[in-house]
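Chemist: Submitted below is the structure of interest, expressed as structure tokens.
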């Protein structure tokens, strides 16, 4: 089931071939020693894996290790995830396998991240990053399992390419928000330079991300996260100068101000940024995914239990669309800089 489904996907076949090209000539794919069963359970708990997924993951561990092709792929993926650890944009973004690949395919990226865990922890220790920041950042993996079960009704991990950032030392959870070390794109660099910041495309920038299942997006929670970030990055990445923070999210769609009161958390979050609208292409799937858990839900079936659900659903039912907003603000590290 696993390999039949994978080989039926042309995009995955090409990706797998690229991974094989990294093998040294005449050498087999690198082997990966997964933790033994008892230690594996401890690791799953450290990564906040939901209880309903634990038994399946323990049982599939043996299935994986008995599949020569799967263990070879595990080694290749691990090599890509941990290569150039911490260097922006250098790690491998894992691909999701189709639902038809069965439990092993749906959970496969998690085994890669378990294998990568000692590498990213060592990188964090080398940088002096506090253990609690490391633990909370990597435990976000459990949220990806929750989202998969919520969306598809079966176990698996959504968006493994996203979680690759966590396990490559590029993204950190600091309070309510997540901060990704990145570089300015062309449009952003031009916009910030025009606003008077001494930045250009390719310069360092922090991208802000807003995880769900993390409590209200209150101004106080955001203030605390930003205060933590202003101390964190100068201390642990002193050679990287961050003077701007950016965010790309449907939560920055200016249309939301038409529906929400001025003192709502979302409107107050928007007001932190200078915002430009998106590229004109609707992205209705984003609020459907993040508010309702499924981007494929028919509009006429959307529930209206909360104010935000009513805003999103009623706007779509009226024929409107939602767009990503792109925002930025000046980021001043603690002590200036």
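Throughout, read-outs are computed from the coordinates displayed, never taken from laboratory work. Note that the coordinates shown come from a computational prediction; the quantities given were computed from them, not determined experimentally. Counting neighbours? That spans all protein chains shown, and the Cβs are built from the backbone with ideal geometry, glycine included.
Chemist: How would you rank 3, 322, going from fewest to most other Cβ atoms within 10 Å of each one's own Cβ? Spell out each step's value before the answer.
Modeler: On the way: 3 14, 322 23.
Exposure proxy ranking, most exposed first: 3, 322.
Chemist: Taking only DSSP H segments of four or more residues, each worth -39500 (n - 2.57), what value at 222 nm results for the chain once the sum is divided by all its residues, to the nearest 500 deg cm²/dmol?
Modeler: Values: 15 runs with 166 residues, N = 337.
Taken over the chain, the calculation gives -15000 deg cm²/dmol.
Chemist: Taking the 0 to 90 degree range and rounding to the nearest ten, how far is the long axis of helix 141-152 tilted relative to the main principal axis of the chain, both from C-alpha atoms?
Modeler: Approximately 90 degrees, to the nearest 10.
Chemist: If we count other beta carbons within 10 Å of each Cβ, what is the order of 152, 242, fewest first?
Modeler: Values: 152 14, 242 21.
Result, fewest neighbours first: 152, 242.
Chemist: A further question follows. Could you list, bin by bin from short to long, the percent of Cα-Cα pairs of region 1-127 in 5 Å steps?
Modeler: In whole percents, the pair-distance histogram is 2, 10, 19, 23, 21, 15, 8, 2, 0.
Chemist: Next question. What is the Å³ per residue value for the convex hull set by the Cα atoms of the chain? Don't skip to the answer; put the middle values down first.
Modeler: Working: hull volume 53.3 nm³, N = 337.
It is 158 Å³ per residue.
Chemist: Arrange 306, 63 by Cβ neighbour counts within 10 Å, fewest through most, would you?
Modeler: Numbers: 306 10, 63 13.
Ascending number of Cβ neighbours within 10 Å: 306, 63.
Chemist: Please report the spacing between the Cα centers of region 274-337 and region 234-265 in Å, no decimals.
Modeler: 13
Chemist: I'd like the distance between the alpha-carbon centres of region 69-147 and region 154-213, rounded to an integer number of Å.
Modeler: What the calculation gives is 17 Å, centre to centre.
Chemist: Helix 102-127: angle to the longest alpha-carbon principal axis of the chain, degrees 0 to 90, nearest 10?
Modeler: Here the helix axis deviates by roughly 70 degrees.
Chemist: May I ask you to order 290-302, 67-79, 228-240, 106-118 by the average number of other C-beta atoms within 10 Å around their residues, highest value first?
Modeler: Details: 290-302: 14.2, 67-79: 19.0, 228-240: 16.1, 106-118: 23.2.
With the highest mean Cβ count within 10 Å placed first, the list reads 106-118, 67-79, 228-240, 290-302.
Chemist: May I pose another question? Nearest 10 degrees, 0 to 90: what angle lies between the long axis of helix 68-82 and the longest principal axis of the chain (Cα atoms)?
Modeler: For 68-82 against the chain, the angle is about 40 degrees.
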